[in-house]
Amino acid sequence: MEELDGEPAVTVIPGVNSKKNQMCFDWGPGEMLVCETSFSKKEKSEMVPSCPFIYIIRKDVDVYSQILRKLFNESHGIFLGLQRIDEELTGKSRKSQLVRVSKNYRSVIRACMEEMHQVAIAAKDPASGRQFSSQVSILSAMELIWNLCEILFIEVAPAGHLLLHLLDWVRLHVCEVDSLSADVLGSENPSNHDSFWNLPGNTQTLTELELKWQHWHEECERYLQDSTFATNPHLESLLKIMLGDEATLLEQKELLSNWYHFLVTRLLYSNPTVKPIDLHYYAQSSLDLFLGGESSPEPLDNILLAAFEFDIHQVIKECSIALSNWWFVAHLTDLLDHCKLLQSHNLYFGSNMREFLLLEYASGLFAHPSLWQLGVDYFDYCPKLGRVSLELHIERIPLNTEQKALKVLRICEQRQMTEQVRSICKILAMKAVRNNRLGSALSWSIRAKDAAFATLVSDRFLRDYCERGCFSDLDLIDNLGPAMMLSDRLTFLGKYREFHRMYGEKRFADAACLLLSLMTSRIAPRSFWMTLLTDALPLLEQKQVIFSAEQTYELMRCLEDLTSRRPVRGESDIQQLQDEDIETTKVEMLRLALARNLARAIIREGSLEGS
């Protein structure tokens with residue numbers, strides 16, 4: 001297992017005394033809950049007052065920045081486009097597409113940086129202004145690193161062209177030289193300008209000079225040896241600069257904003273056709289010369305140095321440690337992986353570097369109430385662990401609104417995540433039941449294919465019918481279709497509603513057959529039998545005989561079966577006695593109606609046989 005390069009940073013939580021009291025914490029997918037316990041750290045467990053708060057510690061706070069959200073949203077589209085690049089493309093066509101993708105990423109970083117800079121300037125609160133300025137510096141460093149990686153790893157500029165790219169890189173990221181040049185050249189007499197002799201040279205002019213470097217170099221050496229400009233210190237210094245004299249270049253250190261500016265300037269005048277393989281030597285020596293042992297390299301210096309050494313994995317590792325979120329390393333690693341530069345680097349826990357970083361970045365997005373939708377696509381393009389991670393994270397999304405629940409459900413259905421679909425539907429069904437929205441609850445339980453919950457909701461429908469005498473959500477019940485086969489109770493609900501529809505359409509014979517079949521097949525709950533028998537009364541009292549003698553016998557048997565199994569009650573209150581009287585009256589009415597119908601049915605059937 002790999003060891004840490006150093007101790008991890010300590011996060012201080014205000015109000016919590018971890019030295020005095022024991023801590024309690026619980027990890028989540030994107031955050032951690034921390035609180036103090038009542039126990040001290042002494043050998044004897046003493047109950048001591050503790051901080052009464054529970055703290056939420058998030059690992060990716062950048063996702064809550066309004067401006068950085070634009071970075072995440074814009075780069076998401078670029079990421080998806082990169083995944084769709086045809087793998088069959090090779091050579092220059094593929095390389096040009098990858099370079100274009102890299103430039104698109106950098107343009108998004110720069111746009112975000114410029115907007116953050118404007119916000120920092122406009123900030124009224126000094127603390128907020130400092131925070132935004134710090135973020136601008138981080139974004140600037142990110143673009144600086146990305147641009148260098150683009151030159152070295154993606155464009156893979158050969159000797160000669162490499163320095164031209166590095167000159168453009170310095171010109172883009174070091175603004176002081178260009179602004180100074182503009183001031184001098186914009187004056188009426190540039191040679192008399194105060195800063196004329198402080199210019200190390202405009203970068204565009206340097207690019208032209210590079211083509212004639214050899215000739216200039218020989219000329220400069222001859223002039224220096226002949227002491228041609230000994231009377232003019234400025235011209236003599238310029239000669240030494242054009243010869244790449246390190247000591248002279250370092251004398252202009254205040255004009256060179258950093259060591260990599262010094263590096264490119266040094267290469268231009270000493271080795272403009274530098275080969276990529278030699279870059280690391282010049283980079284390390286330039287860093288050492290520029291710092292001069294006065295200070296230690298910053299994290300940015302180490303990252304750039306690793307890039308000049310063509311150590312991709314060290315670049316990614318250093319960036320992961322230095323930067324505050326996973327956006328940069330996840331997208332850069334993905335791009336480099338498409339360049340076939342990370343194919344052989346697998347991590348010890350079963351995933352490759354690209355997938356690991358994408359998983360970390362996507363996990364951070366899921367901590368945000370709306371950016372989680374972007375995280376889904378990143379999980380999709382992690383072939384080994386992406387689906388498992390998505391299943392774990394999507395179950396933890398709070399379903400605050402039905403609209404959000406439908407989004408989550410659609411995502412799960414598109415990916416055939418059956419268990420998650422069922423879980424979400426159950427949650428929504430439970431919420432609907434609690435809000436007494438039985439139609440919605442039944443719809444969600446059917447969608448979840450949850451027979452037990454469908455039975456529970458169907459019972460609620462039947463209970464409401466007994467209390468109110470009518471059904472709610474008739475459109476849903478009328479159009480259950482094959483879904484009614486999910487559970488016996490749901491089947492009964494659908495068929496019972498069909499009985500009422502037949503009765504309303506005066507299809508009495510069909511309605512009678514359906515009613516009898518619901519009872520004899522035992523699909524109807526026993527508690528509902530009396531309601532069904534009561535529904536049979538109007539049919540029994542019709543002028544025309546609806547129930548045959550055999551059917552009437554079946555109804556009589558059901559009635560007797562129901563009454564014979566009624567429990568013997570002890571002492572009852574007045575309300576129970578009244579209910580029992582009503583029940584007894586119903587039974588007597590049913591027996592009378594069944595007897596009359598049986599007589600009529602026997603006479604009718606006998607007369608038909610006689611004729």
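The values are calculated or read from the model by the stated rules, or taken from the named source; none is laboratory data. Computed from a predicted structure; not experimentally measured. So basically every Cβ, Gly included, is an ideal-geometry build from the backbone, and we count neighbours across all protein chains shown. Surface areas here come from the heavy atoms of the whole protein model, side chains and all, with no ligands, DNA or RNA. Shrake-Rupley method; radii C 1.70, N 1.55, O 1.52, S 1.80 Å.
For this structure, a couple of remarks:
- About its Cα centre, segment 343-397 has a charge dipole of approximately 100 debye under the convention of +1 per Lys or Arg Cβ and -1 per Asp or Glu Cβ, with nothing else charged.
- Per-peptide packing, taken as the mean over residues of other Cβ atoms within 10 Å, places 440-447, 149-156 in the sequence 440-447, 149-156 from highest down.
- Per residue, segment 401-505 exposes an accessible area of 50 Å² to a 1.4 Å probe, with every protein chain left in place.
- Distance violations [Cα-Cα > 20 Å] among Lys495/Lys586; Lys506/Lys543; Lys275/Lys317; Lys70/Lys340: Lys495/Lys586; Lys275/Lys317; Lys70/Lys340
- Dipole orientation for segment 401-505: of the candidates Cys425, Ala454, Ser440, Cys425 has the Cα lying most toward the positive pole (charges on Cβ; Lys, Arg +1; Asp, Glu -1).
- Along segment 548-558 the Karplus relation, 6.51 cos²θ - 1.76 cosθ + 1.60 evaluated at θ = phi - 60°, assigns HN-Hα couplings of 6, 4, 4, 5, 5, 4, 5, 5, 4, 5, 4 Hz to successive residues, with x for each Gly and Pro.
- Peptides 374-380, 273-279, 596-602 ordered by average Cβ neighbours within 10 Å, highest first: 374-380, 596-602, 273-279
- Stokes-Einstein D for segment 343-397, Kirkwood Rh over Cα pairs, 37 °C, 0.692 mPa s (µm²/s): 291
- Sulfur and carbon atoms: percent of accessible area, segment 423-471 [1.4 Å]: 52
- Computed FRET value (nearest 0.05) for Leu164 with His234, which takes r as the C-beta separation and R₀ as 25 Å: 0.35
- Surface share of carbon and sulfur [accessible, 1.4 angstrom probe, percent] for segment 226-377: 52
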